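Following: one structure in structure tokens, then a few remarks.
All of the numbers you see were taken from the coordinates with simple rules; none came from a lab. None of these values were measured; they are calculated from a predicted model. Cβ placement follows ideal geometry from the backbone for every residue including glycine, while neighbour counts extend to all protein chains displayed.
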Amino acid sequence: MSSASAALPRPGRTRAFLRLVMIEHSVFALPFAYIASLTAMYEWDRNIHWGRLLLVTVCMVGLRTFAMAVNRIIDREIDARNPRTAHRELVTGAMSVRHAWTGALIALVVFLAAAALLNPLCLALAPVAVVPMVVYPYGKRFTDFPQAILGLAQAMGPIGGWLAVSGTWSWDAVVLGLAVGVWIGGFDLIYACQDVDADRAIGVRSVPARFGVPAAIWGARACHTVTTALFAWYAVTTHAGPFFWLGLLIVAGAFVYEHSIVRPHDLSRLNRAFFSVNGFIGIALFACALLDLLVRGLTV
């Protein structure tokens, strides 16, 4: 067997790697990159360019896969000391660090290759998108606000989706990116609440660990209020129609529901809020945004 083929993960390792990076969670970020890309296509020539949309998908999944793998690698010693995360593949030995790095680097190469196929600006700015992905896992070691770094990393998706189509900077995309970043940073505040005791024992820094669960929950509520306002700002600046506004009402309702089932002294339904509600938010707004663009003249 050649050294090159030996370096590639075997099928079992591939499955372990996909579990490691939780590949199914790409649903949280992809819809917003699609909204930005399709809006840019509408403003460009009102046609859906499927090749570019495919490359956007490859970029998003590639970068997110790299980010998750690096996160797991850097945090493996912390994960081993937290009962909730002690089952992760790098802790149990289901995947070696070497093979996790192999998967991460393959994902990074795929991301850079797709960015290069899109346009020169996407390739030039690709390293800018990579930096916060690497910094984020270290954030919990030097700041009580690592969610701010996560939000910055996630804001790159819509901005990159717009750049992929237009090849030029767009402040509309920045507004959408900020909305996504504040949204994801907000629900990560909620998610971090379940680890507050372990984080304090280990020395991991976070808003819940430093300020308490009630402060984190109220911070998440503030974030999601700002998110709704930013989505509305994006709708105004892009002259969105009634279907987008309908989607925004659905999102606002989902936020209200999310915060009604997660309370400072009752985190029993946290996973429902994190996985089900937030997955629904992305899909619902994308569906309404797509319908709005089609009604306004976007051609399939």
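Restricting attention to the stretch 32-81, which chymotrypsin sites (Phe, Trp or Tyr not before Pro) occupy a DSSP loop and are surrounded by at most 13 other Cβ atoms within 10 Å? All intermediate terms of the calculation are to be shown ahead of the outcome.
On the way: sites: F32, Y34, Y42, W44, W50, F66; in loops: none.
Sparse-neighbourhood loop chymotrypsin sites (Phe, Trp or Tyr not before Pro): none present.
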task: Mean Kyte-Doolittle of at least 0.0 plus a Cα span of 20 Å or more along the axis: flag which DSSP H helices in the chain meet both, please.
output: 30-44, 50-74, 97-118, 120-142, 146-166, 171-192, 213-237, 242-261, 278-296
- prompt: Relative to the Cα centre, what is the charge dipole magnitude of the chain, using +1 at the beta carbon of each Lys and Arg, -1 at the beta carbon of each Asp and Glu, and rounding to the nearest 20 debye?
  reply: 700 debye
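Rounded, prolate or oblate for the chain? Axes are the square roots of the Cα gyration tensor eigenvalues, ordered a ≥ b ≥ c, and the cut-off for rounded is a/c under 1.5.
oblate
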- prompt: In deg cm²/dmol and to the nearest 500, what is the mean residue ellipticity at 222 nm of the chain if only DSSP H runs of at least 4 residues count, each as -39500 (n - 2.57), divided by the residue total?
  reply: -25000 deg cm²/dmol
